[in-house]
Structures are given as C-alpha cells and as structure tokens.
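Heads up: the structure comes next, in structure tokens.
The values are calculated or read from the model by the stated rules, or taken from the named source; none is laboratory data. Since we're looking at a predicted model, the values are computed, not measured. Ideal geometry is used to build each Cβ from the backbone, glycine not excepted, and the neighbour counts take in all protein chains shown. Remember, those area values only see protein heavy atoms, side chains included, never the ligands or the DNA or RNA. Shrake-Rupley method; radii C 1.70, N 1.55, O 1.52, S 1.80 Å.
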Amino acid sequence: MTISSARRIAARMETIGTEGAFAVSARARALEAQGRPMIHLQIGEPDFDTPAHVREAAKRALDEGATHYAPFSGIPELRKAIADDVTARKGFSADPSQVFVTVGGKGVMLYAILGLVDPGDEVIVPDPGYPIYESLTRFVGAKPIPIPIRMEHEFRLDVEELASLITPRTRLLIINSPANPTGGVLTRADLERIAELAQEHDLWVMADEIYGRILYDGAEHVSIASLPGMAERTILLDGFSKTFAMTGWRLGYAVVPEALKEVYSELVINTISCAPTFAQVGAVQALVGPQDDVEAMVVEFKARRDLIVNGLNEIEGIRCATPLGAFYAFPDISGTGVTGAEFAERLLTEADVCVLAGTAFGGVGTDHIRISYANSRENLTEALGRMGRFVAGLGRG
Ligand code: PLP
C-alpha cells in the first residue's frame, strides 16, 4: 500500500493483518464457479443449522418490533441468561452487569486490545493461534510476542516457556482453549500455573473460550476466570457462533471485571451502539432452551474427528495428533517433502480440496495445514481420498 498525497490511507493500515480463511474461501469459490468440485475444509464454522427454537424466537422478535436500538451492553434478558450460563458452566459467579454483548466474539478481542494495550506494549499470543490477536496488537502499535504451541506438547503451551517471555512491557496475555487452529486443550494444571504468572506479573488475561463446549474424550473445560484471584484480571470471550451454529448472527459476549466495565461501555458505544436487537432475543433461547442440538453436534463432530484423524494418519508423510476440542485438525505434513503453504496451495489447485496453511496462524505452523472437519462425513471421506492420491503424486514428482 503506497501512501502519498492528501488523499492518503492512514499509516496504521500498514500494520494490520488478516484472517487467511476469508481470502482462501474467495479463491476456492472462484474455482468452484468454473465448475471444479471443491471440498471446503477451510471454514471455521459449523455446517449445522441454528437450532429451530432460536430461529423461531428471532423471527417472532422481528414481527413484534424488536427492530430498534437495544441497550448498548445488550438486552437485559440476554445479559442475565449469559451471566446464569457462565455461572453454571464456568465455575465463577458472573453478574449481568459484567456482561457485554458484542458483534461476534471478534468484538471482544478488539475492545480488549484497544482498551488495554498502548503503543510499545507487548501482548503474548499463541502461535499458531487465531490471527486476529496478532493483527490487532500490531494495529494499535504494540508488539505481539508469540508463545509456541507444539504438537509434541499436545498442542498446549509450555508454561515455563511462557514465563520466560514475560517482560515489564507485557500488558496482556491471550489464551485460547480449546484452541483454533490446533484443537488443543489446556489442562487445569496449565491454567493454574498461567494464573500464578498473571498475578505475579500483574497482567490482564483474555481467555478466548469460544470452543468451550466442543470437547471430546472427557476433556475438562476449565475457565481461568474461575481460579482464585483471576476473575478480577480476566476478560472472558465467548459467543454463539460455534456452540449454536450462529456464525451469521454475529453475536459474542465479554464478561469483564468491574474495573473494565467503563472501558467496554465506551468502546461499544463508539463502535457498534449495540448488537442487533432481534438476534439477541433469539440468542436468549439458545441459552435457556433445549440443548439437544448442541449435544448432537458435538457427537457428530467427534465421529468426524475420528474419521479425519485416522484417515490422515494412514497417508504416508502425514502425522496427525488427536485434538481434544474445537473442530480442527492440525497435521504435520513435513514427511511429504513440501511446506504447509505449498501443500495447501497445490491441494487447492490440483486436488480441489481447500485447507489452510499452518502459517496462516503464525510462524510455528510452517510444517502444518489446518483442516476444519465441519463438513459431512461423505465429503471428509472424499477429501481424504483426494489427499491420499495428491500426496502419492508428490512422492512420484
Ligand atoms: N475466537 C476464535 C478462536 C475463533 O476461531 C473465532 C472464529 O473463528 C472467533 C474468536 C470469532 O468468532 P465470532 O466473531 O464469529 O464470534
């Protein structure tokens, strides 16, 4: 981007990153429009429909006039439903006044970084990790400090390595469990040590728990905010996109400590005024209504996880760990002789399977690709077949 003349673009736009999935999706769709039989394994969204009772509630809300501004922090019924759900599931007592309903979980991270991080500060972000953490950190003139997340360590961060990255400039620590893109889940012991470090160094923590209910094999979801002394320094990020297959509704929420209510109030008022009113009415039913759809979705995701992990491990040159959460696999493909970036590019153009390069999530993922298994078993089976033939072709090339 060149900056010249009076009609220039703000210099800070030089620092912003992106989310690779959106650009790659556009390319895959363009190929599909030319008649190619593309299988999409790049998208981080459940392929299920939003539960019917949630849709019905939002439709009724539209007809009943919920088409005006809502209170900036969210409608009272939803803030209460969120506080009750958080209190019941996450092991700490949340008051509705601590809840801010935002446009997507993405809103929560924007406000955490805008509100807490100054130019020159450091923010510790998982690598590989959701790319927006790093992008927004750079955008505010701060420095992202990557904490490596390795397959050899079950895709959990190494807490002693984390300790070594904290400096007097560290302002915010971002954790994400279960994680995108690895499906890794932090253990209670990990979180206890992270909590100790946060208190010792007086850090804010943003805990991205958007995949908190998508867990397998009895893995436990522990919210760091539930650990002693942590609720007052933790911004909890969660939302409706993943758990309730509501990505297009654009609803997320923050649960913030008393000291940050003002920050979130001002930032919400300055950016969105409020999240869509009728969507919020629907979202109340997602929390207080039947949970069968969520449970059925997780059962189906587990079957798909097993299908994709087993299938990948049968391909020579690919090693895939079994993720304990979310709906992603992050296999090491270095045995195929190419990098993750080349693998993803060629798989797209030569085999009509769209995945993301591990580097879309940070430098540590060079040897990996990310596969979202939020797709039918039939498509996953077909994609595995195509991948197997593609990798066999690489060996011959
Ligand atoms: N956090 C993580 C780790 C994610 O993977 C995503 C979406 O992919 C989000 C937050 C944002 O979700 P949304 O803005 O749709 O609520």
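Across segment 193-224, what is the total count of residues that are within 16 Å of the ligand (Cβ to nearest atom) and not hydroxyl-bearing (Ser, Thr, Tyr)?
12
Conditions tested, residue by residue: (1) open to solvent by less than 30 Å² (accessible area, probe 1.4 Å); (2) in contact (Cβ under 8 Å) with a residue 60 or more places away in the chain; (3) touching a Pro at 6+ places or on another chain (Cβ under 7 Å).
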site: Gln285; (1), (2), (3): no, yes, no
site: Ala296; (1), (2), (3): no, no, no
site: Gly311; (1), (2), (3): yes, yes, no
site: Ala341; (1), (2), (3): no, no, no
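Here are some conditions: (1) away from the ligand (no atom under 14 Å from the Cβ); (2) touching a strand residue (DSSP E or B) at 6+ places or on another chain (Cβ under 6 Å); (3) open to solvent by 10 Å² or more (accessible area, probe 1.4 Å); (4) part of a loop (DSSP other than H, G, I, E, B). Tyr69 meets all but one. Which one does it not meet?
(2)
If only one of Glu14, Glu64 is farther than 24 Å from Arg304 by Cβ, at pLDDT 95 or above, surrounded by fewer than 17 Cβ atoms within 10 Å (Cβ to Cβ) and out of contact with any His (no Cβ under 8 Å at 6 or more places or on another chain), which one is it?
Glu64
Hey, does segment 34-51 have a residue that's open to solvent by 20 Å² or more (accessible area, probe 1.4 Å) and assigned to a helix (DSSP H, G or I)?
no
Specify the residue that is nearest to the ligand (Cβ to nearest atom); the eligible residues are those in segment 99-117 that are in contact with a Leu (Cβ under 7 Å, 6 or more places away or on another chain) and either open to solvent by 20 Å² or more (accessible area, probe 1.4 Å) or in a strand (DSSP E or B) (or both).
Once the filter is applied, the top-ranked residue is Leu110.
Table: residues versus (1) within 15 Å of the ligand (Cβ to nearest atom); (2) open to solvent by 30 Å² or more (accessible area, probe 1.4 Å).
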{"residue": "Pro119", "(1), (2)": "no, yes"}
{"residue": "Glu134", "(1), (2)": "yes, yes"}
{"residue": "Pro148", "(1), (2)": "no, no"}
{"residue": "Glu161", "(1), (2)": "no, yes"}
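Restricting attention to segment 199-216, and to residues there that are out of contact with any Leu (no Cβ under 6 Å at 6 or more places or on another chain) and assigned to a loop (DSSP other than H, G, I, E, B), which single residue is farthest from Thr247 (Cα to Cα)?
His201
Can you find a residue in segment 347-358 that is free of Cβ contacts under 8 Å to residues at least 60 places away in the same chain and over 25 Å from the mean Cα position of the chain (by Cα)?
Checked segment 347-358: at least one residue is free of Cβ contacts under 8 Å to residues at least 60 places away in the same chain and over 25 Å from the mean Cα position of the chain (by Cα).
Would you pick out the residues in segment 228-260 that are closer than 15 Å to Trp204 by Cβ and not in a strand (DSSP E or B)?
Gly229, Met230, Ala231, Glu232, Arg233, Val256, Pro257, Glu258, Ala259, Leu260
Kindly indicate whether Gly317 is touching a helix residue (DSSP H, G or I) at 6+ places or on another chain (Cβ under 6 Å), at positive phi and free of Cβ contacts under 8 Å to residues at least 60 places away in the same chain.
So Gly317 does not fit the description; no.
Being within 24 Å of Phe244 (Cα to Cα), surrounded by 20 or more Cβ atoms within 10 Å (Cβ to Cβ) and at pLDDT 95 or above narrows it down to one residue among Leu157, Leu78; which is it?
Of Leu157, Leu78, the one residue that is within 24 Å of Phe244 (Cα to Cα), surrounded by 20 or more Cβ atoms within 10 Å (Cβ to Cβ) and at pLDDT 95 or above is Leu78.
Name the residue, out of Val24, Val54, that is in a helix (DSSP H, G or I) and in contact with a strand residue (DSSP E or B) (Cβ under 7 Å, 6 or more places away or on another chain).
Val24
Based on what the data block shows, is Arg213 farther than 28 Å from Asp121 by Cβ, open to solvent by 10 Å² or more (accessible area, probe 1.4 Å) and in contact with a helix residue (DSSP H, G or I) (Cβ under 7 Å, 6 or more places away or on another chain)?
It is true that Arg213 is farther than 28 Å from Asp121 by Cβ, open to solvent by 10 Å² or more (accessible area, probe 1.4 Å) and in contact with a helix residue (DSSP H, G or I) (Cβ under 7 Å, 6 or more places away or on another chain).
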